[in-house]
Amino acid sequence: MSTVGSNNILTEVVATRPPAKVDEATRRVSVTLPGDVETAAQHTRQASTAASTAASEHFLDHDDNFPAPTEEEKKTLRKVAAHVPITSFALCLVEFAERASYYGAKTVFNNFIQFPLPAGGNGAGAPPRHTQKTAGALGMGLQASSALTLLFTFLAYVIPIFGGWLADVHTGRYKAIVIGVLLAGVAHLIQLFGAIPSVLRKGKDHAAPPFIIGLIILAFGTGIFKPNIAPTVLDQNRHQKAYTKVLSSGEKVIVDPEATATRTMLIFYGLTNVGAFYMLATTYSEKYVGFWLAFLLAGTIYFLLPILLVGIYKRTYKAPPAGSSDLTNAFKIIWFALKTSKFRFWRKDLWERAKPSVLATQGVTVSWTDDLVEDIARTIGVCDIFLYMPIWYLNDGGIGSVATNQAAAMTTNGAPNDLLSNFNPLTIIVTVPFLSYVFYPLLLRFNIKLGRITRLTIGFCIATLSSMFGALIQWRVYKTSPCGFHASTCDDVSPVSVWWQVPIMVFAAWGECFCAVTSYELAYARAPPSMRGLLTAVFLFMNGLASALGEILIPATKDPWLIYIWAGPAVALAVQTVIFWFRFRHLNNDEFMIDHEKEHQESRPSVSDPGSEKNTIEKI
């Protein structure tokens with residue numbers, strides 16, 4: 001009896017419903033239900049609408065906490081930097097430990113390779129006390145020393161291309177950092193073994209192989225670590241759009257992402273050079289004890305890295321790998337733009353031709369978006385800027401080993417000949433707080449913005465002065481050396497004090513504060529989030545190109561031509577600086593960082609109009 005009743009009800013429902021509609025595009029059947037079933041569906045819709053409303057209100061509340069400045073506020077309010085997150089400081093300490101070990105070892109490479117074990121020394125590489133002799137081990141000469149140190153620098157700044165790609169596409173930046181740490185740790189152990197006195201006394205055939213193997217592995221570890229640490233530090237600031245806030249003084253200000261990035265990178269670069277100041281310990285170790293202690297100190301501080309990484313692991317934001325899609329599309333966009341412009345890359349509409357919105361009018365469909373095309377255009381633009389960096393690097397304290405070679409020909413009075421290189425990080429340590437907390441905030445208080453191209457130009461000018469001073473000192477050394485223009489191989493030294501090298505290091509350091517810090521900012525801000533590690537690697541690669549140029553100059557890196565090894569790059573940089581300013585000065589005022597939150601905003605739940613929907617149950 002009940003079965004018959006149920007069948008009658010079902011028959012009645014089917015008889016009274018409107019005909020089913022089939023959507024031919026999706027093959028979905030829409031069936032309108034009456035009565036209680038329709039009421040249930042309406043309740044489901046209302047619950048869904050409430051959830052969407054709550055989600056929307058969540059995002060609105062989030063935006064209310066960071067209100068965007070109006071156009072009027074952008075013109076009138078003072079810009080300030082946001083507070084740097086504690087995880088950013090912790091990651092800067094990771095960079096400090098890595099750089100301390102890197103520079104602590106690298107600074108003694110020149111002497112280890114160039115000079116032989118000193119006669120009358122302790123057999124560990126240290127010279128006799130109270131003499132003008134220099135620490136040494138392998139005795140392979142200036143050209144071999146310059147070649148190997150430039151090879152190391154070249155590898156350490158070319159391998160980041162692989163390191164950036166590995167992180168962006170496969171592992172994520174944090175895992176890439178860990179891989180780099182493990183490799184470099186092995187390298188430090190191998191180099192320590194090669195510097196044991198018993199190995200050194202057996203000659204360079206026994207000491208050179210472990211040193212060179214360690215040098216190459218260290219370059220690989222550094223190359224994977226280096227392109228990923230700076231973007232990871234900047235990633236910790238999770239709000240990267242300008243917003244307004246009221247200070248405790250009652251003043252309303254704009255929290256500016258560019259000012260925040262500048263301050264963060266200044267702190268990062270400052271702690272990098274606190275680590276580099278560790279060179280002081282290793283240079284005195286090689287001078288008075290031996291190379292084994294220098295490499296032991298470099299390795300000891302390096303093994304602080306795993307402790308730091310474990311300690312901050314849970315609090316660190318770890319950007320996931322993006323896969324190969326964005327990178328693949330980037331190459332497609334570049335190729336498509338070049339092909340459609342017939343490889344006339346200087347055309348102003350080069351990138352416009354690759355935009356899907358433009359191609360759609362021609363009936364062409366592509367797999368990328370307009371936003372990605374704009375990102376790639378900005379990325380290629382900053383790569384163009386980075387092409388000016390190799391000449392600057394050649395002026396950053398001299399090419400290869402020329403600075404330590406020059407110092408070895410001067411009166412040291414017991415100081416290590418590579419001691420003066422410590423004035424570079426010391427100057428940066430002093431300069432960074434001044435720029436971050438005094439100079440730049442003072443300019444912003446008077447609404448003066450030192451644009452990124454202006455900062456790079458200032459850095460180029462200061463680096464030019466560094467090399468010019470180096471050329472003058474080299475000329476003076478030649479004039480006063482007992483061996484004249486063959487001072488590098490002379491048994492006696494020039495009476496010119498080694499302390500005259502201080503301005504070379506100070507000017508080079510000031511140049512870095514403007515050039516290197518600004519370049520890190522540009523690499524982060526002008527790349528898509530999925531390619532920040534790779535673009536940072538491109539900037540680091542410029543150092544590798546500079547090393548390659550230095551390798552080309554190796555045959556001329558000897559007496560009596562060392563004046564030109566200083567003066568030539570200085571002239572080249574002076575000419576380049578003029579060209580650079582007129583080419584790129586318009587970028588001083590362009591948008592610092594494209595809003596990469598657009599896609600996220602477009603994917604937010606939206607509140608739909610219940611009345612606009614049909615009461616349907618869809619069936620595939």
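The values are calculated or read from the model by the stated rules, or taken from the named source; none is laboratory data. None of the values given here were measured: they were computed from a predicted structure. We place every Cβ from the backbone using ideal geometry, glycine too, and count neighbours over all the protein chains shown.
Quick notes
- Test: residue in the range 358-374 that is touching a residue at least 60 places away in the same chain (Cβ under 8 Å), buried (at least 16 other Cβ atoms within 10 Å of the Cβ) and within 25 Å of residue 514 (Cα to Cα): no
- Subset of the range 560-582 (residues that are in contact with a Phe, Trp or Tyr (Cβ under 6 Å, 6 or more places away or on another chain) and not in a helix (DSSP H, G or I)): 560
- Any hit, the range 393-407, residues being more than 24 Å from residue 99 (Cβ to Cβ), buried (at least 17 other Cβ atoms within 10 Å of the Cβ) and in contact with a strand residue (DSSP E or B) (Cβ under 9 Å, 6 or more places away or on another chain): no
- The range 281-296, subset among the β-branched types (Val, Ile, Thr) and out of contact with any Gly (no Cβ under 6 Å at 6 or more places or on another chain), residue farthest from residue 101 (Cα to Cα): 289
Residues checked against (1) without any contact (Cβ under 8 Å) to a residue 60 or more places away in the chain; (2) under 30 Å from residue 228 (Cβ atoms); (3) not hydrophobic (A, V, I, L, M, F, W, C):
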position: 114; (1), (2), (3): no, no, yes
position: 126; (1), (2), (3): no, no, no
position: 136; (1), (2), (3): yes, no, yes
position: 140; (1), (2), (3): no, no, no
position: 154; (1), (2), (3): no, yes, no
position: 163; (1), (2), (3): no, yes, yes
position: 168; (1), (2), (3): no, yes, yes
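- Residue list for the range 501-514, restricted to those being hydrophobic (A, V, I, L, M, F, W, C), surrounded by fewer than 24 Cβ atoms within 10 Å (Cβ to Cβ) and either farther than 20 Å from residue 433 by Cβ or within 14 Å of the chain's Cα centre (by Cα) (or both): 502
- Checked against the criterion of being within 27 Å of residue 516 (Cα to Cα) and over 24 Å from the mean Cα position of the chain (by Cα), the candidates 330, 403, 319, 298 yield just one match: 403.
- Elements of the type helices (runs of 4 or more DSSP H) sitting completely within the range 419-529 and holding at least 3 residues that are closer than 18 Å to residue 396 by Cβ: these cover 423-434, 452-480, 502-525.
- Note on the range 233-289: among residues that are β-branched (Val, Ile, Thr) and outside any helix (DSSP H, G or I), the one that is farthest from residue 116 (Cα to Cα) is 246.
- Residues considered: 126, 97. Of these, the only one that is part of a loop (DSSP other than H, G, I, E, B), under 25 Å from residue 423 (Cβ atoms), of a type in the set (A, V, I, L, M) and out of contact with any strand residue (DSSP E or B) (no Cβ under 8 Å at 6 or more places or on another chain) is 126.
- Of the helices (runs of 4 or more DSSP H) lying entirely inside the range 141-223, those containing at least 3 residues that are small (Gly, Ala, Ser) are 142-166, 173-194.
- Residue within the range 337-348 that is part of a helix (DSSP H, G or I) and of a type outside the set (A, V, I, L, M) present: yes
- Of all residues in the range 491-500, those being crowded, with 16+ Cβ neighbours inside 10 Å and either over 13 Å from residue 472 (Cα atoms) or free of Cβ contacts under 8 Å to residues at least 24 places away in the same chain (or both) number 4.
- When each of 87, 70, 149 is tested for being closer than 30 Å to residue 411 by Cβ and either at pLDDT 85 or above or surrounded by fewer than 24 Cβ atoms within 10 Å (Cβ to Cβ) (or both), the lone residue that passes is 149.
- Checking each residue in the range 349-374 for being out of contact with any helix residue (DSSP H, G or I) (no Cβ under 9 Å at 6 or more places or on another chain) and in a helix (DSSP H, G or I) picks out 360, 374.
- Yes/no for residue 287 being among the charged types (D, E, K, R), surrounded by 22 or more Cβ atoms within 10 Å (Cβ to Cβ) and touching a residue at least 12 places away in the same chain (Cβ under 8 Å): yes
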